[in-house]
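Input: a single structure, listed below in structure tokens.
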Amino acid sequence: MRASFLPGEGRSVETMLSELSCDEIPLEGRGAVLERGCFYVVPLLERLALPASISGAANPKSSTGRLDIFTRLITDRGERFDLAPSGYCGPLYAEISPRSFSVRAREGSRLTQLRFRQHDPDAPQLTSFALSDRELQTIHAREKLVDGPLNVRDGVVLRVDLSQPLHEGVVGYRAQKHTDVIDVDAIGACRVEDFWDVLRARSDGRLILDPGDFYILASRERVRIPSTLAAEMAPMDPAIGEFRVHYAGFFDPGFGATPSGEPGSRAVLEVRSREVPFILEDGQFIGRLVYEPMIEPPEALYGDAGLSNYQGQGLKLSKHFVGA
């Protein structure tokens with residue numbers, strides 16, 4: 001595609017594609033290489049038929065975000081990305097734009113995920129399900145959400161860790177600019193040194209973010225998501241600095257759980273500076289977790305169900321890298 005788009009009221013994605021598309025690429029078999037810096041629109045295998053009381057909210061999978069693949073959901077007549085409105089019936093499409101690495105994808109590759117929200121019939125237009133800071137403080141007093149003191153500001157505040165030796169003194173990774181292709185379905189197939197520059201702790205506890213570069217960092221706090229809650233990394237707040245934290249940050253119930261009950265997993269932060277270089281300081285506010293209640297605890301928690309690649313994580317790259 002030449003550019004990103006939303007179809008808007010009364011128009012289908014297919015209509016927009018017929019007007020705007022540049023080329024068609026088959027994804028069967030070995031799939032195709034999606035080039036860094038290009039935009040693609042892919043019809044998804046799934047369709048939706050939602051009742052009037054259910055809406056859908058999408059975001060990239062954790063591994064997608066850690067590869068810096070910009071992915072958003074589009075629906076027919078959509079006026080917002082990543083939203084399937086209540087009662088939506090129709091096809092789904094993904095807008096995909098690899099930002100740091102060219103990637104190989106094929107039919108059946110999974111890059112995004114959809115969560116469903118049940119709406120109160122008396123408040124069908126409710127868009128925020130977030131727990132208040134007061135509610136979070138009450139829950140934290142009963143079952144810890146983070147290790148150490150709880151700081152809240154429209155969610156649980158997270159701070160970047162740039163001084164403590166997370167892994168032999170490594171505090172982050174910066175994506176290299178000229179690399180090979182990453183197969184999104186190949187687990188443990190890439191060497192870290194072929195794609196990432198290692199960032200080690202400095203004596204002054206600082207890191208200068210270069211404009212346009214992509215970084216993997218970690219939170220100072222260890223977090224825990226109780227079985228009755230889910231959480232999401234809030235969108236970037238421009239007031240905290242000239243950078244953004246990637247939005248591929250959905251935290252399942254059970255994430256960070258430990259036998260002792262203490263929070264056990266750091267939040268991995270996908271960070272990109274914007275127009276100017278920006279100095280990050282150790283312990284600086286870099287994001288917040290917004291918590292929402294589940295209708296009921298799930299049958300299987302994160303860490304218990306199948307492959308849970310990021311349970312108990314510290315500073316961790318995506319599952320595509322050897323040893324990650």
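The values are calculated or read from the model by the stated rules, or taken from the named source; none is laboratory data. Keep in mind that this is a model prediction, so the values were computed, not measured. Glycine also receives a Cβ, built like all others from the backbone with ideal geometry; neighbour counts cover every protein chain displayed.
Observations, loosely collected:
- Elements of type strands (runs of 3 or more DSSP E) in the stretch 1-106, at least 1 residues being more than 22 Å from VAL184 (Cβ to Cβ) and either touching a strand residue (DSSP E or B) at 6+ places or on another chain (Cβ under 8 Å) or of a type in the set (D, E, K, R) (or both): 40-49, 54-60, 69-75, 89-98
- Residue check, ARG202 part of a strand (DSSP E or B), surrounded by fewer than 22 Cβ atoms within 10 Å (Cβ to Cβ), modelled with pLDDT of 90 or more and assigned by TED's automatic domain parsing to the domain that holds LEU150: no
- The criterion of being modelled with pLDDT of 95 or more and out of contact with any helix residue (DSSP H, G or I) (no Cβ under 6 Å at 6 or more places or on another chain) does not hold for ARG115.
- Residue pairs whose Cβ atoms lie under 8 Å apart, sitting 6 or more positions apart in sequence or on different chains, and linking a residue in the stretch 41-69 that is farther than 9 Å from LEU92 by Cβ to a partner that is among the β-branched types (Val, Ile, Thr) and assigned to a loop (DSSP other than H, G, I, E, B), are SER63/VAL184; THR64/VAL184; LEU67/VAL184; ILE69/VAL184.
- One residue from ALA175, ALA141 being farther than 24 Å from SER53 by Cβ and in contact (Cβ under 8 Å) with a residue 60 or more places away in the chain: ALA175
- When the stretch 70-91 is filtered for residues that are hydrophobic (A, V, I, L, M, F, W, C), free of Cβ contacts under 8 Å to residues at least 60 places away in the same chain and under 22 Å from ARG2 (Cβ atoms), the ones remaining, listed by number, are PHE70, LEU73.
- Matching entry among LEU207, LEU217, LEU150, LEU158 (being assigned by TED's automatic domain parsing to the domain that holds ARG266, in contact (Cβ under 8 Å) with a residue 12 or more places away in the chain, surrounded by 12 or more Cβ atoms within 10 Å (Cβ to Cβ) and part of a loop (DSSP other than H, G, I, E, B)): LEU150
- Strands (runs of 3 or more DSSP E) completely within the stretch 253-324 that count 1 or more residues being crowded, with 18+ Cβ neighbours inside 10 Å and of a type in the set (Asp, Glu): 265-273
Every residue, every condition in (1) modelled with pLDDT of 95 or more; (2) closer than 21 Å to ARG99 by Cα, yes or no:
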position	(1), (2)
ALA3	no, yes
GLY10	no, no
LEU17	no, no
GLU24	no, yes
LEU27	yes, yes
TYR40	yes, yes
LEU50	yes, no
LEU73	yes, yes
GLY87	no, no
